[in-house]
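Trainee: Dropping the structure in here first, questions after.
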Amino acid sequence: MDIVVKGRKTEVPERFRKHVAEKLKLEKIQKLDGKVISLDVEVSKEPNPRQADRCDRVEITLRSRGPVIRAEAAASDPYAALDLAAEKLDAQLRKQHDKRYTRRGTRRISAAEVADHVPGVATLDSNGQAVGSDESEGVPTKKIGSLEVQGDGPLVVREKTHVAAAMTLDQALYEMELVGHDFYLFVDSETKEPSVVYRRHAYDYGVIHLRTDTMVTQGNSAESGGTLGG
């Protein structure tokens, strides 16, 4: 296998071709990937004077029986660009090599060995049932917004607090259409209570009003919320 060096809209001097052969050692590449088919090096030049520090670009393309590997870099001269691209190519080749080696070295493990190989996995008894343990022991607790979460817990992507003036139902519908959402939270100017307007099937709208009830205990709070549906 030979290294093919070509220029795109630029001439490639013989000195640079020899430097490519010295820099990209085929023996070393074939040790990392023994199924190499071809190795192409393309040199191009950026005519824009504002990019003088990145005017020379080198792209290395390695084709084998596996996926194509490309590495490119730009610098103030082609030799520096080649060095950078060669380092990237070497890193990718080593990564692919290590991945293949790891895959070949893996073996199936028995159910009894799972706990030794996978941290945090449940331990099974002789009947295949999970052995009970104190779930709260050693589990870190963190604060996410206003929630106190053990372990991974629920993922709160974003928490926002808005200051809004009270408005009528018609105005809330207008605001919902304006922002293009399927629901809109607002304070009803008549009831002074938080409410939600939402888009139903077809062109219908729905509205949910929340009313504070001091008789509702905290234990029944799960039943005090409304759902967007119906």
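The values are calculated or read from the model by the stated rules, or taken from the named source; none is laboratory data. Because the structure is a prediction, the values reported are computed rather than measured. Here Cβ is always computed from backbone atoms with ideal geometry, including for glycine, and neighbour counts include all displayed protein chains. For accessibility, only protein heavy atoms count, side chains too; no ligands or nucleic acids. Shrake-Rupley method; radii C 1.70, N 1.55, O 1.52, S 1.80 Å.
Trainee: Take residue 39 and decide whether it is of a type outside the set (S, T, N, Q) and either open to solvent by 70 Å² or more (accessible area, probe 1.4 Å) or in contact (Cβ under 8 Å) with a residue 40 or more places away in the chain (or both). Before the answer, list the steps.
Mentor: Details: of a type outside the set (S, T, N, Q): yes; either open to solvent by 70 Å² or more (accessible area, probe 1.4 Å) or in contact (Cβ under 8 Å) with a residue 40 or more places away in the chain (or both): no.
Answer is no for this residue.
Trainee: Pairs please, first residue from the stretch 42-71 and in the same structural domain as residue 21 (by the TED database) and basic (Lys, Arg), second anywhere and surrounded by fewer than 17 Cβ atoms within 10 Å (Cβ to Cβ) and in a strand (DSSP E or B), Cβ atoms under 8 Å, 6+ apart in sequence or on different chains.
Mentor: Short answer, once both residue conditions are applied: 57/45; 57/72; 63/37; 63/38; 63/40; 65/37; 70/61.
Trainee: With respect to residue 18, determine if the residue is open to solvent by 80 Å² or more (accessible area, probe 1.4 Å), within 27 Å of residue 94 (Cα to Cα) and out of contact with any Ser or Thr (no Cβ under 9 Å at 6 or more places or on another chain). Quick ask: steps written out before the conclusion?
Mentor: Details: open to solvent by 80 Å² or more (accessible area, probe 1.4 Å): yes; within 27 Å of residue 94 (Cα to Cα): yes; out of contact with any Ser or Thr (no Cβ under 9 Å at 6 or more places or on another chain): yes.
Answer is yes for this residue.
Trainee: Which of the strands (runs of 3 or more DSSP E) contained wholly in the stretch 1-102 include at least 1 residues that are within 32 Å of the chain's Cα centre (by Cα)? If you could, list the steps in order and put the result at the bottom.
Mentor: Details: elements: 3-8, 36-45, 56-64, 69-75.
Strands (runs of 3 or more DSSP E) meeting the threshold: 36-45, 56-64, 69-75.
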